[in-house]
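First the structure, in the form of structure tokens, and then the observations on it.
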Amino acid sequence: MGDNQRRRQAILEIWQAAIDAVEGRLSVIKAITDDDDFEPDLIIAVGKAAQAMAEGALEKFPRCPALIVTKYGHSDLTLKARDSVEIIESGHPIPDEQSLAAGRALLERVAAMPADSRLLLLVSGGASALAEALPDGMSLKDLKQMTEEMIATGKTIGQINARRKETSLIKDGKLIEVFPGAEVRVYAISDVEGDAIGTIGSGIGDPHRTPERARARIVASNSIAREQAARRARELDLDVRRNDESLYGDVFELAEKIGEEIRDFRTGVYILGGEPTVILPDQPGRGGRNQSLALALAEHIAGRDDISILVAGTDGTDGPTDAAGGLVSGDTWNAADDAHGALERADAGSFLDRAGSLFTTGPTNTNVMDLVIAVVD
């Protein structure tokens, strides 16, 4: 096995260990086991990992009715066949008509619950766009325009979700507030810096409005994923030189910073977590923040035969594409034409595809921001 292929295989194993540690179904099963005194009358799951999270809950409570709201293509026939399960698929990262239908369904189901009932609310990243209820005077067109503008101008997820909470009728704890029942438990997979429940899904699971009958816990996070990634790296007899959540800021500024550090990288594994931002041109091409960062880093390792780098979203998607990111090495930068132009056009995905460096996983059943995994010989 060649050095590049060996490094690639090690990266894939480390990546998979990270994903397995924060997979939605197992994370929920563990949380339910810990909370063995709670049995819900309704399960609601919202987000890109909603299907897997609901599967975990229904494995424990198979007769409980459930409402699942997730991204197009992120559900399967396993739960659709159950009479007691309703699934709504909607738009992400830009909300659509189905997002509004999902928001209405959430409000109606929660508000109609009996006074002595219990609600289990499962939340993962993507919930902000996938379900929404708007106040009078605000249209879907207004919501789309606001979302597109914030994404295009490189706003952080915290900034985007703070803005969404101002106009939403279900975010910032407002969905839980209309619940007339006795108790709410919220299990959340964190896709935000600091794992703040008020930021995840724009606070759709935030219990701050009704603390006397609602409480929330984080069941999966970037730190958990990185911890297991590091463990797998050590099992592969690789030295873990760095493991931290520092992947914040503009992708090109991060590429310069990480690129300058690469020359001092010693043999081993470097694991970074977080969620960069990217400012898009008027007519962006194919790609997302992870594909852009991967290609930008490829320039810094061009010609080197001792390093490979994966940059990927843990949810298996990057921007409005079906790729998770890019897996680059020393020969990626010169493997296709016009790399600089691809970065300027926000078309890194097209370049990486031509170079054979696009990283595609499909839905991963989790969402704990992004990972950079670099292996140096």
Among residues of region 94-114 being touching a Ser or Thr at 6+ places or on another chain (Cβ under 9 Å) and part of a loop (DSSP other than H, G, I, E, B), the residue surrounded by the most Cβ atoms within 10 Å (Cβ to Cβ) is Pro95
Go through Thr366, Thr317 for me and flag whichever is open to solvent by 10 Å² or more (accessible area, probe 1.4 Å) and of a type in the set (Ser, Thr, Tyr).
-> Thr317
Can you confirm whether region 247-265 contains a residue that is surrounded by fewer than 17 Cβ atoms within 10 Å (Cβ to Cβ), outside any helix (DSSP H, G or I) and at positive phi?
-> yes
Of the conditions (1) under 25 Å from Ala10 (Cβ atoms); (2) open to solvent by less than 20 Å² (accessible area, probe 1.4 Å); (3) part of a helix (DSSP H, G or I), Leu310 fails just one. Which one is it?
-> (3)
Filter pass, Thr167 being modelled with pLDDT of 85 or more and either of a type in the set (Val, Ile, Thr) or closer than 25 Å to Gly274 by Cα (or both) | yes
Go through Arg25, Arg8 for me and flag whichever is open to solvent by 50 Å² or more (accessible area, probe 1.4 Å), at pLDDT 95 or above, under 22 Å from Arg185 (Cβ atoms) and not hydrophobic (A, V, I, L, M, F, W, C).
-> Arg25
If you go through region 214-228 one residue at a time, do you hit one that is without any contact (Cβ under 8 Å) to a residue 12 or more places away in the chain and either under 20 Å from Gly268 (Cβ atoms) or surrounded by fewer than 20 Cβ atoms within 10 Å (Cβ to Cβ) (or both)?
-> no
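Within region 347-363, restricting attention to residues that are in a loop (DSSP other than H, G, I, E, B) and at pLDDT 95 or above, which residue is most open to solvent (accessible area, probe 1.4 Å)?
Thr360
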Apart from one, (1) at pLDDT below 95; (2) hydroxyl-bearing (Ser, Thr, Tyr); (3) crowded, with 24+ Cβ neighbours inside 10 Å all hold for Thr332; the odd one out is (1)
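The values are calculated or read from the model by the stated rules, or taken from the named source; none is laboratory data. Keep in mind it's a predicted model, so treat the numbers as computed, not measured. Methodologically, a virtual Cβ is constructed for each residue, glycine included, from the backbone with ideal geometry; neighbour enumeration extends over all protein chains shown. To get the accessible areas, we keep the full protein, side chains included, count just its heavy atoms, and leave off ligands, DNA and RNA. Shrake-Rupley method; radii C 1.70, N 1.55, O 1.52, S 1.80 Å.
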